[in-house]
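**Student:** Please read through the structure below; I'll follow up with questions.
The values are calculated or read from the model by the stated rules, or taken from the named source; none is laboratory data. The shown structure was predicted, so the numbers you read here are calculated from the model rather than taken from an experiment. A quick note on method: Cβ atoms are made from the backbone with ideal geometry, for glycine too, and the neighbour counts reach across all protein chains shown. These accessible areas exclude ligands, DNA and RNA; they are computed on the full protein's heavy atoms, side chains included. Shrake-Rupley method; radii C 1.70, N 1.55, O 1.52, S 1.80 Å.
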Amino acid sequence: MPVMRSQIVGCGSYLPAQCVSNADLAIKIDTTDEWILSRTGIRQRYIAADGELTSDLAAAAARHALGRAGITADEVDLILVATSTPDDTFPATATAVQAKLGITRGFAFDVQAVCSGFVYALAVADNFIKSGQIRTAIVIGAETYSRILDWTDRGTCVLFGDGAGAVIVRATAGAATASDPDSAGILSTHLHADGRHRDILYVDGGPSSTQTVGHLRMTGKEVFRHAVTCLAAVAEEAVRANGLSLADVRWFVPHQANVRILEGVARKLAVGPDRMIMTVQQHANTSAASIPLALDVALTDGRIQRGHLVLLEAIGGGLTWGAALVRW
Ligand code: ACO
């Protein structure tokens, strides 16, 4: 069997129509624009309309990505939706997306790794491609966190937003080679979890435990500390595994949780702000959707270009964390 690598050949995104500024939130919640901005960098977030489902956001982002890649839906073998806000407990939101895209072939399932979901799903798609089982995957991060926020808890509800982003991943002949700028593709993925930290970021409900959906709960300072440490460590792990150094990476596209977390990671890695994509100011924290949303912004405005080395990395509830090093 010929050696295959995975190449990202298209990216797309979708944001709900309703944009809510910090000042808008301050009308309903005991908060201020100054508090939110100084603690998190967030200026606004998008909130899904009543009846607008995670699968609607996901399907819209997937259509956008398919169009950009010039690929028709009937070429898709696998649909992965990374989400922790699925439409229903089951079936998988990915199957709803499949139906909404009019696809009747291949297979579809959800990946649940909270804010690390997109990196986890990309790793799954990459391994299916490298094993020769599939040729084309849509990898989507899609969330409606507005539905699991406790809108009376000002310490969490101001941090999150809704949205979706998607990439099309295709099999390409030949191994991905770190030293060859012409061999576009995923060089490696690195996934981690440590369930001992489940209780610093969780949802207090679920089908088996409470038979309710529950609300997001977080010990912010603890999450902050782990986020900086794990994101810095996994970035170093990814470049080392490829015989590269952090200086070789043109763009860091981290999970968009909080500007202060990202500045902490940048300081630890000695990476200047000119190499870090930040969209949390406009999107807030959209969990599994945040990386593909940020990617789409940086591809559309021309910052990420062919041949660039791009490091995607995330941390989320679990804790889970991971990275993917990609030659664009
Ligand atoms: N508006 C106004 N005041 C607020 C708000 C708000 N929205 N929320 C909390 N406060 C108040 C608190 O009541 C407290 O007041 P008090 O001192 O009178 O009791 C004060 O602000 C400080 O509260 P802390 O929770 O200690 O605030 P902290 O400085 O730790 O900042 C924050 C909180 C921003 C959440 C911070 O801990 C953080 O950035 N954590 C990282 C967590 C994160 O970004 N998570 C995202 C999800 S996780 C992920 O994606 C990986």
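**Student:** Could you grab the pairs with beta carbons closer than 8 Å, sequence gap of 6+ or different chains, first residue in segment 22-38 and part of a loop (DSSP other than H, G, I, E, B), second one modelled with pLDDT of 95 or more and near the ligand (Cβ under 7 Å from one of its atoms)?
**Tutor:** I29/R154; I29/V158; D30/R154; T31/R154; T31/V158
**Student:** Search segment 263-276 for residues being within 22 Å of H192 (Cβ to Cβ), under 19 Å from the mean Cα position of the chain (by Cα) and touching a residue at least 24 places away in the same chain (Cβ under 8 Å), and hand back the single one that is surrounded by the fewest Cβ atoms within 10 Å (Cβ to Cβ). Spell out the reasoning first.
**Tutor:** Of all residues in segment 263-276, those within 22 Å of H192 (Cβ to Cβ) come to 264-269, 271, 276.
Now narrow it down to the ones that are under 19 Å from the mean Cα position of the chain (by Cα): 265-266, 276.
Add one more test, that the residue is touching a residue at least 24 places away in the same chain (Cβ under 8 Å), and what stays is 265, 276.
Values: V265: 23, M276: 18.
The extreme case among them is M276.
**Student:** Further question on the same structure: Within 14 Å of the ligand (Cβ to nearest atom), under 18 Å from the mean Cα position of the chain (by Cα) and of a type in the set (S, T, N, Q): is that true of Q256 in this structure? Steps first, please.
**Tutor:** Values: within 14 Å of the ligand (Cβ to nearest atom): yes; under 18 Å from the mean Cα position of the chain (by Cα): yes; of a type in the set (S, T, N, Q): yes.
Spelling it out, Q256 is indeed within 14 Å of the ligand (Cβ to nearest atom), under 18 Å from the mean Cα position of the chain (by Cα) and of a type in the set (S, T, N, Q).
**Student:** If you don't mind, another one. Which condition does D126 not pass, out of (1) open to solvent by 20 Å² or more (accessible area, probe 1.4 Å); (2) part of a helix (DSSP H, G or I); (3) not assigned by TED's automatic domain parsing to the domain that holds R225, if it passes all the others?
**Tutor:** Exception for D126: condition (1).
**Student:** Looking at segment 160-179 only, could you name the residues that are touching a Ser or Thr at 6+ places or on another chain (Cβ under 6 Å) and assigned to a loop (DSSP other than H, G, I, E, B)?
**Tutor:** Kept after step one, since they are touching a Ser or Thr at 6+ places or on another chain (Cβ under 6 Å), are these residues of segment 160-179: 161-163, 165, 169-170, 176-177.
Passing the criteria: G161, A176, T177.
**Student:** Hey, can you tell me all the residues within segment 138-155 that are buried (at least 20 other Cβ atoms within 10 Å of the Cβ) and more than 21 Å from T89 (Cα to Cα)?
**Tutor:** Scanning segment 138-155 gives a single hit, I138.
**Student:** Select, from T93, T72, the only residue that is at pLDDT below 95 and either farther than 25 Å from R260 by Cα or in contact with a Pro (Cβ under 9 Å, 6 or more places away or on another chain) (or both). Steps first, please.
**Tutor:** Working: T93 fails: at pLDDT below 95.
After applying the criteria, what remains is T72.
**Student:** Something else: Report whether or not I8 is over 22 Å from F160 (Cβ atoms) and touching a strand residue (DSSP E or B) at 6+ places or on another chain (Cβ under 6 Å). Reasoning before the result, please.
**Tutor:** Details: over 22 Å from F160 (Cβ atoms): yes; touching a strand residue (DSSP E or B) at 6+ places or on another chain (Cβ under 6 Å): yes.
Criteria met by I8.
Each row is one residue, and each column tells you yes or no for (1) out of contact with any helix residue (DSSP H, G or I) (no Cβ under 8 Å at 6 or more places or on another chain); (2) away from the ligand (no atom under 16 Å from the Cβ).
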{"residue": "G165", "(1), (2)": "no, no"}
{"residue": "T172", "(1), (2)": "yes, yes"}
{"residue": "D180", "(1), (2)": "yes, yes"}
{"residue": "G185", "(1), (2)": "yes, yes"}
{"residue": "Y202", "(1), (2)": "yes, no"}
{"residue": "T212", "(1), (2)": "yes, yes"}
{"residue": "V223", "(1), (2)": "no, no"}
{"residue": "V228", "(1), (2)": "no, no"}
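**Student:** Given the criteria within 18 Å of the chain's Cα centre (by Cα), more than 26 Å from T83 (Cβ to Cβ) and either surrounded by fewer than 22 Cβ atoms within 10 Å (Cβ to Cβ) or near the ligand (Cβ under 9 Å from one of its atoms) (or both), does A232 qualify?
**Tutor:** Values: within 18 Å of the chain's Cα centre (by Cα): yes; more than 26 Å from T83 (Cβ to Cβ): yes; either surrounded by fewer than 22 Cβ atoms within 10 Å (Cβ to Cβ) or near the ligand (Cβ under 9 Å from one of its atoms) (or both): yes.
Yes.
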